[in-house]
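Each value in this text was obtained by applying a stated rule to the coordinates, not by laboratory testing. Keep in mind that this is a model prediction, so the values were computed, not measured. Every residue, glycine among them, receives a Cβ derived from its backbone with ideal geometry; neighbour counts consider all protein chains shown.
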Amino acid sequence: VIHAWNEKLWRMVAGMDPFPPQPLLLAGPRGVGKEVFARTLAHWLLCRDAAATGPCGSCMACRLLASGNHPDYREIRPGVPEEGDEAAEETEVRASKRSASRWIKVDQARDLSGFVQLAPHFGARKAIVIVEADRLHPSAANALLKTLEEPPAGRHFLLVTSRPQRLLPTVRSRCIRLQFRLPTEDDALTWLAGEDVGNARAALAMAGGAPLRALELQTDASVRSWIVERFLLSPDADPVELSGGIDAEKLPAVIDTLQRWCHDLVQVRLTGSPRYHTDRAQILHHTAAQADLPGLLRYLRTLQSTIRTLEHPLNLRLVAESCLIGYRNVFSARR
Ligand SMILES: [Zn+2]
């Protein structure tokens, strides 16, 4: 089901007659429902009894799609974990293996080209969703270029990305762009209420207004409260010891929490009220008063550049350690 805030865009797309043969580029902020939109649109294109509002959900095509067995539908994305991996114990080896496969590889692209060339099993259409299309490896993008440039009749490509500027310009220029935007706060909160998100307003603030991201952040909640409780609110905790407990899975949430916490410290100093950790206003005031402001701003810049290196952390433990120690240094100057 399309999210309420995307319905206007849906009506625009579903109203296009004839449906455009070019690939569509679904671009916009992370966490606003682009992937759901793409999948629903693909189903709608393959549905045999589609209404203007969406796929019927009960025809043979819809039933095959629901069971993941429609032969004319493909979905690819970077670095899909192997089956059974979910249950496997997280190890540094597995984590680095996964980050190394965070591309849509040339093999996947070649498979896809083969799929596109074959005639549809049913009807006259095939639908292809490429999730995180900005992660198409350049060689994969090149392998797909001809197909994207001029897809065979009835082959519909839906490219999803929150970083359209990272797509090869040659790919981007082939596509018709659908621009997604953040919903209004009211729309987002209404949806989050339906998803049973505990502190929806805070979660939404944390997610920068993106409701699906807010929901996702809930799953990071244990990491967040761990670093807040055990580190940010525990000035005597040993950063070196703590960083030993931060694995590849946790590191982004840890850095994000440090960033938001420090943003709040700056915000509290400058405007008096925090933006993210609104439930910690008092302790933030107390902590901000002890911080060296220029040092805090420098630390925030360091965190920002650390994030850019996260996809290839040379030494996870050292990265985590320097993030935690860097935070402490913001205060040591004043002691
Ligand atoms: Zn149907």
- line: FRET efficiency (R201, A289; Cβ distance; R0 35 Å; to 0.05) is 0.85
message: For W103, what residues show an amide H to amide H distance below 5 Å, using hydrogens built from the backbone and excluding near sequence neighbours?
response: G79
- request: Rounded to the nearest 10 degrees, what's the angle between the helix 251-271 long axis and the longest principal axis of the chain, both from Cα atoms, 0 to 90?
  value: 60 degrees
- prompt: Cα-based Rg (one decimal) and Dmax (whole number) for the chain, in Å?
  reply: 22.8, 73
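Grab the DSSP H runs of the chain that are 4 residues or longer, score each as -39,500 (n - 2.57), total them, divide by all residues and round the 222 nm result to the nearest 500 deg cm²/dmol.
Values: 16 runs with 167 residues, N = 335.
The helix-only estimate for the chain comes to -15000 deg cm²/dmol at 222 nm.
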- request: Counting only C-alpha contacts under 8 Å and six or more residues apart, can you give the relative contact order of the chain as a whole percent?
  value: 18 percent
- request: Note the angle between two axes, namely the Cα long axis of helix 106-117 and the longest principal axis of the Cα atoms of the chain, as a number of degrees from 0 to 90, rounded to the nearest 10.
  value: 30 degrees
query: Any idea what angle helix 185-194 forms with the longest principal axis of the chain, computed on alpha-carbon atoms, 0 to 90 degrees, nearest 10?
result: 80 degrees
